[in-house]
1. In whole angstrom, note down how far apart the Cα centers of the stretch 52-68 and the stretch 290-335 are.
2. Cα centroids of the stretch 349-369 and the stretch 1-51: how far apart, whole angstrom?
3. What number in nm² do you get for the stretch 129-259 if you take the convex hull of its Cα atoms and divide its surface by four?
4. So for the stretch 64-201, considering every pair of alpha-carbon atoms, how many percent are separated by more than 25 Å?
5. Using a 7 Å offset from the Cα along the Cα-to-Cβ direction at both residue 50 and residue 75, what is the distance between the two label points in nm, to one decimal?
6. For the stretch 88-161 and the stretch 216-252, what is the centre-to-centre distance using only Cα atoms, to the nearest Å?
7. Report the extension gain between residue 306 and residue 92 in nm, rounded to one decimal, defined as 0.36 nm multiplied by the number of residues separating them, less their alpha carbon distance.
8. Could you tell me the calculated FRET efficiency between residue 283 and residue 354, based on Cβ-Cβ distance and R0 = 30 angstrom, to the nearest 0.05?
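What follows draws every value from the coordinates through simple rules; no lab data is involved. It should be emphasised that the depicted structure is a prediction, and the values quoted were computed from it without experimental measurement. Reconstructed Cβ throughout: ideal geometry from the backbone, glycine too, with neighbour counts over all protein chains shown.
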Amino acid sequence: MKTILVTGGAGFIGSNFVKYQLNTHTDDIIVNLDALTYAGNLENLADVEENPNYVFVKGDIADKAFVDALFSEYNFDYVVNFAAESHVDRSIENPEIFVKTNILGTQILLNAAKNAWQTGKDDLGYPTYKEDVKYLQVSTDEVYGALGKTGMFTETTPITPNSPYSASKASADLLVRAYGNTFKFPMNITRCSNNYGPNQFPEKLIPLMIANVIDLKELPIYGDGMQVRDWLHVKDHCSGIDTVLRHGRLNEVYNIGGNNEKANIQIVDLIIENVKKRLEEGAYPDIKTDYTKISDDLKIHVEDRLGHDRRYAIDNTKITTELGWEPSYTFEEGIVETIDWYLSHQDWVAQVKSGGYQEYYEKMYSKKK
Ligand code: NAD
Ligand code: TYD
């Protein structure tokens, strides 16, 4: 039985991971530490809030006194750090919070775990730790920068981040690496490609485009729309993280990806086609959208993102050959299931869009036209 601190567990991937853990490792205790920023939503965890093995704690990973106290209260075996500011566009508008949460927050967690787990020192003065403890940093392929038409990111690709978001994630990775080296601290870093699936905040490409098609709003494609992302279903990301957490070699980095490159424009076309098809079939009678108005005409090309990375692609050879992990979804089935999830969870969409979302949307997109 393990006690696992999951940070950022009320967000998109974190909430999927909490549910994945509670379903697959039913003896483990999950403590979910989340600050409930605009991206954190306890509705994502409504199914598990009564589970006796699940605890929610509201707090900030960058609050040292709070984090240290939490480590005194619980005997954590594992820490999985999802908590982050995660949206590139927001990092271009306001980088400061990315530095605080993503870099300082990571350092505070690392130090709290190191202090909690240290048992003594070895002959050379390096800390020694409790058995079978681990810190896992959830990172991103964006730390590797951008690719041209060919090639893939491997774990040894140099770290050359291009956005304030990816620079903050890369900085966090370097701190985790440094703790591994300087303090022999037991850690892994996972670097995943773009995720899609249920409960993603509709500032990101796929849920934003689904929501706009349903509302018959313009579909804002940045630049020429030929930027390529390598998409992985969030449940496959969760199983990949779990595999590394329990079986990954200490102090190693593992890329997680499903070999599924798509240009943004292809994704938007698939969304237009499938939302229209499902509404035409009458699958969602409560949605009153006039589906005859869903067409390619909704697409508009808007000003490109500053410093927009052209292409990402993950080489997943290490995790597949060394740890035997495989993705379970094909993109074709995953995207249809995801579209159906958003169509059947319009209450969830309305709830997440009821806060500061409209203001964000107007501010971000009115200036792009
Ligand atoms: P998200 O924005 O949906 O969720 C982030 C969560 O962290 C929210 O619940 C938020 O309330 C919480 N949080 C933010 N600041 C906090 C703080 N200071 N203290 C405690 N909690 C805080 O993000 P996501 O898409 O679920 O991404 C999760 C992690 O996975 C991030 O570290 C991100 O960099 C990484 N990642 C994301 C993707 C992707 O495609 N979304 C791909 C690869 C890696
Ligand atoms: P996003 O979901 O923000 O993820 P990331 O920037 O971390 O890859 O964006 C995915 C791609 O979609 C990226 O190339 C930017 C593009 N994009 C648009 O064209 N329009 C949009 O409204 C958004 C949000 C993204």
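1. Between the Cα centre of the stretch 52-68 and that of the stretch 290-335, the gap is 33 Å.
2. 26
3. 9.5
4. On the way: 3105 of 9453 pairs.
Taking all Cα-Cα pairs of the stretch 64-201, the fraction more than 25 Å apart is 33 percent.
5. 3.0
6. Cα centroid to Cα centroid, the span is 17 Å.
7. Answer, rounded to one decimal: 76.3 nm.
8. 0.75
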